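Presented below is the structure to which this report refers.
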Amino acid sequence: MRLTEKKIEEVVKYAVGNDVLKLVKKLSKKDNISEFKLADQLKEDIKRVRNMLYRLYELNLVSFNRKKDKKKGWYIYSWTFKKDQIKYLYHKIKKERLDKLQETLEYEQKEQYFICPDNCVRLNFDQAVNFEFRCPECNKLVSQEDLSKRIEEIKKEVKELKKELAKI
Ligand SMILES: [Zn+2]
């Protein structure tokens, strides 16, 4: 799989959040940038930048180096973006989506649903029996939902995801 900028953005947005995109852009241009430099370039408060870096670090998307500033006596942290980890996360996100879809598919194929003609409720079989096949909101008769279209759509997405996962 080729890691385009768009793909990196997609993963970062999904896994860490929109607000770190600017930071990631800076990090992907150069390795080993000090957090003060990053804060300066982004015109952000150092605490906020650190918070974003830690969030990336939790997902193993950055690594750091620290060096002692001899004059000031504190440590300066420099950060590097781990691009390879994006591939791993991308795979993980897609795999989770696939598992969830397959679970939904199995469930929807097994279960029967009943809907009110006015769309007040969606009931499973047991619930529909309990309400004697009447909508608990408006008392109209509920009818069995046709899931074929939804199932078809899920199947299509499952197929696409499998194809994509095979490429990674
Ligand atoms: Zn109703």
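Any read-out appearing in this document is the output of simple, stated calculations on the displayed coordinates, not a laboratory observation. Since we're looking at a predicted model, the values are computed, not measured. Cβ atoms come from the backbone with ideal geometry, glycine included; neighbour counts cover every protein chain shown.
Side notes on the structure shown:
- The magnitude of the dipole of the chain, with charges of +1 and -1 set on the Cβ of Lys/Arg and Asp/Glu and taken from the Cα centre, is near 1900 debye.
- Computed on the chain, with alpha-carbon pairs under 8 angstrom and 6+ residues apart, the relative contact order is 18 percent.
- Charged side chains reduced to their Cβ positions (Lys and Arg at +1, Asp and Glu at -1) give region 27-66 a dipole of some 40 debye around its Cα centre.
- Contour excess over end-to-end distance, with Cα ends at residue 149 and residue 163 and 0.36 nm allotted per residue: 2.9 nm
- Solvent-free Debye scattering, log10 I(q)/I(0), computed from the Cα coordinates of region 91-167 at q = 0.13 Å⁻¹: -0.51
- Dipole moment magnitude, nearest 20 debye, region 91-167 about Cα centre, only Lys, Arg, Asp, Glu C-beta charged: 580
- Value of Rg/Rh across region 5-81 [Cα atoms, Kirkwood radius]: 0.98
- Computed from label points 7 Å out along Cα-Cβ, the spacing between residue 122 and residue 103 is 1.7 nm.
- Here residue 29 and residue 88 are evaluated by their C-beta separation; at R0 = 30 Å the FRET efficiency comes out at 0.90.
- Of the residues 104, 77, 16, the one whose Cα sits farthest towards the positive end of the charge dipole of region 1-128 is 77 (charges of +1 on Lys and Arg Cβ, -1 on Asp and Glu Cβ, taken about the Cα centre).
- Rg and Dmax of the chain, both derived from C-alpha coordinates alone, stand at 24.7, 80 Å.
- Amide hydrogen proximity for residue 59: with H placed 1.01 Å from N in the peptide plane, no residue at 5 or more positions away or on another chain lies under 5 Å.
- 3J(HN,Hα) along region 33-47: 9, 6, 5, 5, 5, 4, 4, 5, 5, 8, 6, 10, 5, 4, 5 Hz, from the Karplus curve 6.51 cos²θ - 1.76 cosθ + 1.60 with θ = phi - 60°, whole Hz, x for Gly and Pro.
- Between 113, 138, 161, the Cα set farthest toward the positive side of the dipole of the chain (charges on each charged residue's Cβ, about the Cα centre) is that of 161.
- Built amide H within the under 5 Å cut-off of residue 76, gap 5+: 67, 68, 69
- In sequence order, calculated HN-Hα J values of region 57-73 (Karplus, 6.51, -1.76, 1.60; Hz; x Gly/Pro): 5, 4, 9, 6, 8, 9, 10, 9, 10, 10, 9, 7, 7, 5, 5, 8, x
- In order through region 11-18: 3J(HN,Hα) via Karplus (6.51 cos²θ - 1.76 cosθ + 1.60), integer Hz, x for Gly, Pro: 5, 4, 4, 5, 8, 10, x, 4
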